[in-house]
Amino acid sequence: MKWIFDRAVALVGLILLSPLLIMVAMLIAIKMPGGPILFKQKRVGQYGKLFTMIKFRSMTMGHSGNSISVAGESRITPLGATLRKYKLDELPELWNVLKGDMSFVGPRPDVPGYVDKLVGKDREILQLKPGITGPASLKYKNEEEILAHVDDPQRYNDEVIFPDKVRINREYLHNRTFAGDIKIIFDTIFG
């Protein structure tokens, strides 16, 4: 049922949101010229298989930043900050859901280096398709702001946030239901 739901809603979403997608793409082309409209990055999907996740570009070109983002970073453009605040940068991920690389609900897809940190039973979360949202995403919906208020964002992410997300995602794996997924989607949109 989740497979059918994901693809059907992703297709309808892409069609209904196409005017917004076009408008955001035009804004990026105008406000952030000289670079692509879409940001593409290899992420780890279900069973550890790599896929290319797409988002709207929200950062400057040629930055040498790391894999975590902190609110107020200079590499995030003013338009990009707005897109990120309202999660509009993630709308192209509907294409990843339609293709079957992602689901609406599941753990956020990590870059390969973070998956390498999963050991023992924590690796079981790789059974899940990564999601646009999930229980860990809801808990850390203001993650960039949290990281902006700590002395060492990378260390705090690695030692506090990442392990907590893994714990939350393992709990989701063992207790997920279709009704629970619908609630997570609802809470993501309206919470």
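No value in this document is a laboratory result; all are computed from the given coordinates. The structure presented is a predicted model; accordingly, all values stated were derived computationally and were not measured. Positions of Cβ are backbone-derived with ideal geometry, glycine not excepted, and every protein chain shown enters the neighbour counts.
Could you list, in sequence order, all residues of segment 147-169 that are closer than 26 Å to Met1 by Cα and surrounded by fewer than 17 Cβ atoms within 10 Å (Cβ to Cβ)? The one that is closer than 26 Å to Met1 by Cα and surrounded by fewer than 17 Cβ atoms within 10 Å (Cβ to Cβ): Arg167.
Yes or no, residue by residue, for (1) over 14 Å from Gly131 (Cα atoms); (2) touching a Pro at 6+ places or on another chain (Cβ under 9 Å):
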| residue | (1), (2) |
| --- | --- |
| Tyr156 | yes, no |
| Ile161 | yes, no |
| Asp164 | yes, no |
| Arg167 | yes, no |
| Glu171 | yes, yes |
| Asn175 | yes, no |
| Ala179 | yes, no |
| Ile182 | no, no |
| Ile185 | no, no |
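For Ile54, indicate whether it is in a loop (DSSP other than H, G, I, E, B), among the hydrophobic types (A, V, I, L, M, F, W, C) and surrounded by 15 or more Cβ atoms within 10 Å (Cβ to Cβ). Here the answer is no, as Ile54 does not meet what is asked. Against the condition in a helix (DSSP H, G or I), of a type in the set (Val, Ile, Thr) and surrounded by 20 or more Cβ atoms within 10 Å (Cβ to Cβ), how does Ile28 come out, does it pass? For Ile28, the condition - in a helix (DSSP H, G or I), of a type in the set (Val, Ile, Thr) and surrounded by 20 or more Cβ atoms within 10 Å (Cβ to Cβ) - is met. When Glu93 is tested against the conditions (1) surrounded by fewer than 19 Cβ atoms within 10 Å (Cβ to Cβ); (2) among the acidic types (Asp, Glu); (3) within 18 Å of Val44 (Cα to Cα), the lone failure is (1). Run down Ile184, Ile125, Ile168 and say which single residue is touching a residue at least 24 places away in the same chain (Cβ under 8 Å), part of a helix (DSSP H, G or I), over 20 Å from Met53 (Cα atoms) and touching a Leu at 6+ places or on another chain (Cβ under 7 Å). Going through Ile184, Ile125, Ile168 in turn, just one is touching a residue at least 24 places away in the same chain (Cβ under 8 Å), part of a helix (DSSP H, G or I), over 20 Å from Met53 (Cα atoms) and touching a Leu at 6+ places or on another chain (Cβ under 7 Å): Ile184.
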